[in-house]
1. Over the stretch 94-133, one equal point on each Cα, no solvent: what is log10 I(q)/I(0) by the Debye formula at q = 0.31 Å⁻¹?
2. Kirkwood hydrodynamic radius, the stretch 41-183, all distinct C-alpha pairs: what's the number in Å?
3. What order, most packed first, do the peptides 36-48, 405-417 have when packing is the mean number of other Cβ atoms within 10 Å of each residue?
4. For the chain, what's the relative contact order in percent, using C-alpha pairs closer than 8 Å and at least 6 residues apart?
5. Grab the Cα-Cα distance for residue 309 and residue 265, subtract it from 0.36 nm times how many residues apart they are, and report the gain in nm with one decimal.
6. Would you calculate a helix-derived [θ] at 222 nm for the chain, using -39,500 (n - 2.57) for each DSSP H run of n ≥ 4 and dividing by the full residue count, to the nearest 500?
7. Out of the total accessible area of the chain (probe 1.4 Å, heavy atoms of protein only), what percent is carbon and sulfur?
8. Under a Cβ-only charge scheme (Lys and Arg +1, Asp and Glu -1), can you give me the dipole magnitude of the chain about the Cα centre, in debye to the nearest 20?
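The values are calculated or read from the model by the stated rules, or taken from the named source; none is laboratory data. Computed from a prediction, not measured in an experiment: that's the story for all the values here. Counting neighbours? That spans all protein chains shown, and the Cβs are built from the backbone with ideal geometry, glycine included. Side chains included, ligands, DNA and RNA excluded: accessible areas come from the protein's heavy atoms. Shrake-Rupley method; radii C 1.70, N 1.55, O 1.52, S 1.80 Å.
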Amino acid sequence: VLELLRGVQRGSELRKISLSRLRRALQNKETQQKFVRLDGSIRTLIGLFTSSLADMQMEAARCLHELSHSSDPAVVEACLPVTSYLLTYLSGHSVEFTELCLYTLGNLAVESEAVRKQLLPQGIIPVLASCIQSPHEAVLEGLGYILSQLLQAKEAPTEIIPLVLDSVLPKHILRLVCSGLKAATGAAVEFAWCLHYIVCSHAADAALLSLGALPALTSLLLDLASEIPQNTPEGLELLVCPVLRCLSNLLAEETGCEGQIQDERLLIALFLILQCFLQQHPFIVQECLWLLNNLTADEPFFCFALLSLDLLPALLQLLPCSQMASVLVLTVLCNIAEKGPAYCQQLHWQPALPLLLPTLTLPDPEVVGQCLELLHLLFLHWPEATADFARQGGHWALEQLQSTPELQERARALLDMIRQPLGPSTFS
């Protein structure tokens, strides 16, 4: 390692060869540790990195990039002096050089709070805001990478996201996500996750809503669903996931948002996405159901649309997918049942009750508890359902639950409802 460093420092014609060998050597963890302990090592790299010789600059940038992969605090700390130069070179040079600088900064930011605290006063957010209008996909992907690392930092909600919101970044992130979805590019994936991390900071909701995030993301899902399954790009699930989460989180935090996107086509799009990804990427099912839950939680519009579009059978088919899917399906059904007798009547007419009986025998208290909540709403708003439930063996299933401490009280209450004489139903 010392010999390679000397070869780099000599300034001979062999310097580039020594630098190239050093880059390959720095792929080794122990070599990285030894290199940064040598006197003048980082200073020498910075000198070459800031030189006027393009080939030397590029090779030095590659060496610094190898060092940035280290998880050793000593190596990362040794790289602190280079951050200001990395930022400076984001505004020019070749695409490959800019890309290297972005990923080097991103790698360093992942590992070190000290690096992040140094980058903020150096103006990294304004620099990234100027880079985001680059026409080059490679630059945008690298920019998305470093921004996503910054937005995931523990200090992001208080120190980083406010700076991001005060810049043009949110507007361009939303634009890039919406324009890049169908191509499933790496940049679009990175920026979709950036948008998700911003949304998770509750202070950001108003800013994103003012930019039209809800209609833009809704339109995005509609466009995507219109092309499924004819043209589903590889890796599209990595992009769909954060987009679904962004919509879900915006709806969860802001009351009245459902009214901004009262478009029943969104439900059709969700079920098409569910059908497309169900087998190979079942985690998307959970994301779709979480969004469906937030859509149906308050506004009756989407509850009515789900029933009128005859999507209930497709929803009920998701009950056995997983524990979380079962809970979310039952929660959506509860959202519908809460809207009153007319909705409960529809649930009763659809084949909901026969599918609920096997759910009551599952060993998962959370799933069973949510099923009991749904039955309570059905019996309360549409008493005719109680007789059907008893005829199908529901009475026996409820009696079995009385031996489960956390469920016995609710099971007993439902048994009492079944035993009551049938009264008239009242439509609201």
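1. Result of the Debye calculation: -1.10.
2. So the Kirkwood estimate lands at 15.4 Å.
3. 36-48, 405-417
4. 8
5. Answer, rounded to one decimal: 14.9 nm.
6. -21500 deg cm²/dmol
7. Within the chain, the accessible surface is 53 percent carbon and sulfur.
8. 1400
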